[in-house]
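Asks: Just dropping this structure here.
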Amino acid sequence: MKITIVYDNEANPGLKSGWGFSCLIEAKEKILFDTGDSGKKLIYNMKQLNIEPKDIGKVAISHNHWDHTGGLKEFLKLNNNAKVFHPKSFSKPTEIFPGVHSTGALGGLIKEQSLIVNTEKGNLVITGCAHPGLAKIIDKAKQLGEIYAVLGGFHGFSKLEKLQGIKLIAPCHCTKYKQEIKQRYPAQFREIKAGDIIEI
Ligand SMILES: [Zn+2]
Ligand SMILES: [Zn+2]
């Protein structure tokens, strides 16, 4: 199971950075999670990372904010067969692809879904902005089994004790307390930006 960070506020040399998030999940099939804020930069980064849009059959959008949906139009121009899954599609945890669950739409005004990907080591939780609160997302995900890793935008999440026991913590994008997370969980913390690959 491989995750490639395609889009983030920070990028490795040779890639574009931009406010937003997108990653490619390569599990039983290829799923693009979120699309960053700019289609131009998204497609540029995909090219640099040798990711072919036509090979990606499914797109899951975490929530309807421009920094997660901005590149969708441009992506669909290159692959108009891709199936798009919006958070409103699911009201409760559902297996949306083999081995990949949606938490279902969580939160109040801003409905957001996170993904839970089965890996050999336990579940990987991937968040967009975590507007519903990462603590709430973690609780939901735990219903499906042990969490091995959490990755994505954590927003203003500050109940750091909730991360106890998680083996891999990779906050990016909008995460406010990245440094505090790193200090509290130095061995579990992993810095990620566009171009980084995580294999579990
Ligand atoms: Zn965001
Ligand atoms: Zn947002």
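Asks: Would you say SER38 is within 16 Å of ligand 2 (Cβ to nearest atom), within 24 Å of LYS121 (Cβ to Cβ) and modelled with pLDDT of 95 or more?
Replies: no
Asks: Checking ASN80 against (1) farther than 30 Å from GLU120 by Cα; (2) under 15 Å from the mean Cα position of the chain (by Cα); (3) away from ligand 2 (no atom under 16 Å from the Cβ): exactly one of these is not met. Which one?
Replies: Condition not satisfied by ASN80: (2).
Asks: Would you pick out the residues in the stretch 70-94 that are free of Cβ contacts under 8 Å to residues at least 40 places away in the same chain and assigned to a helix (DSSP H, G or I)?
Replies: Within the stretch 70-94, LEU72, LYS73, GLU74, LEU76, LYS77, LEU78, PRO87, LYS88, SER89 qualify.
Asks: Has the stretch 58-65 got at least one residue that is surrounded by fewer than 20 Cβ atoms within 10 Å (Cβ to Cβ) and closer than 17 Å to GLU112 by Cα?
Replies: Yes, the stretch 58-65 contains a residue that is surrounded by fewer than 20 Cβ atoms within 10 Å (Cβ to Cβ) and closer than 17 Å to GLU112 by Cα.
Asks: Of all residues in the stretch 95-114 being within 16 Å of PHE33 (Cα to Cα) and in a strand (DSSP E or B), which is nearest to ligand 2 (Cβ to nearest atom)?
Replies: Of everything passing the filter in the stretch 95-114, GLU112 is nearest to ligand 2 (Cβ to nearest atom).
Asks: Is it the case, given these coordinates, that ASP67 is outside any loop (DSSP other than H, G, I, E, B), of a type outside the set (A, V, I, L, M) and either more than 17 Å from ASN123 (Cβ to Cβ) or more than 16 Å from ligand 2 (Cβ to nearest atom) (or both)?
Replies: Judged against the criteria, ASP67 is a match.
Asks: Continuing with this model, one more query. Can you tell me which residue in the stretch 29-60 is nearest to LYS16 (Cα to Cα), limited to those that are within 16 Å of ligand 1 (Cβ to nearest atom) and in contact (Cβ under 8 Å) with a residue 40 or more places away in the chain?
Replies: Within the stretch 29-60, the match that is nearest to LYS16 (Cα to Cα) is THR35.
Asks: How many residues, within the stretch 95-120, are surrounded by fewer than 14 Cβ atoms within 10 Å (Cβ to Cβ) and within 13 Å of ALA60 (Cα to Cα)?
Replies: Adding up the residues that qualify gives 1.
Asks: Still on this structure, please answer the following. For the stretch 169-182, state whether one or more residues are within 16 Å of ligand 2 (Cβ to nearest atom) and assigned to a helix (DSSP H, G or I).
Replies: The answer is no, given that none of the residues of the stretch 169-182 is within 16 Å of ligand 2 (Cβ to nearest atom) and assigned to a helix (DSSP H, G or I).
Asks: Got a number for residues in the stretch 191-200 being in contact (Cβ under 8 Å) with a residue 24 or more places away in the chain and surrounded by fewer than 16 Cβ atoms within 10 Å (Cβ to Cβ)?
Replies: 2
The values are calculated or read from the model by the stated rules, or taken from the named source; none is laboratory data. These numbers come from a predicted model, not from an experiment. We place every Cβ from the backbone using ideal geometry, glycine too, and count neighbours over all the protein chains shown.
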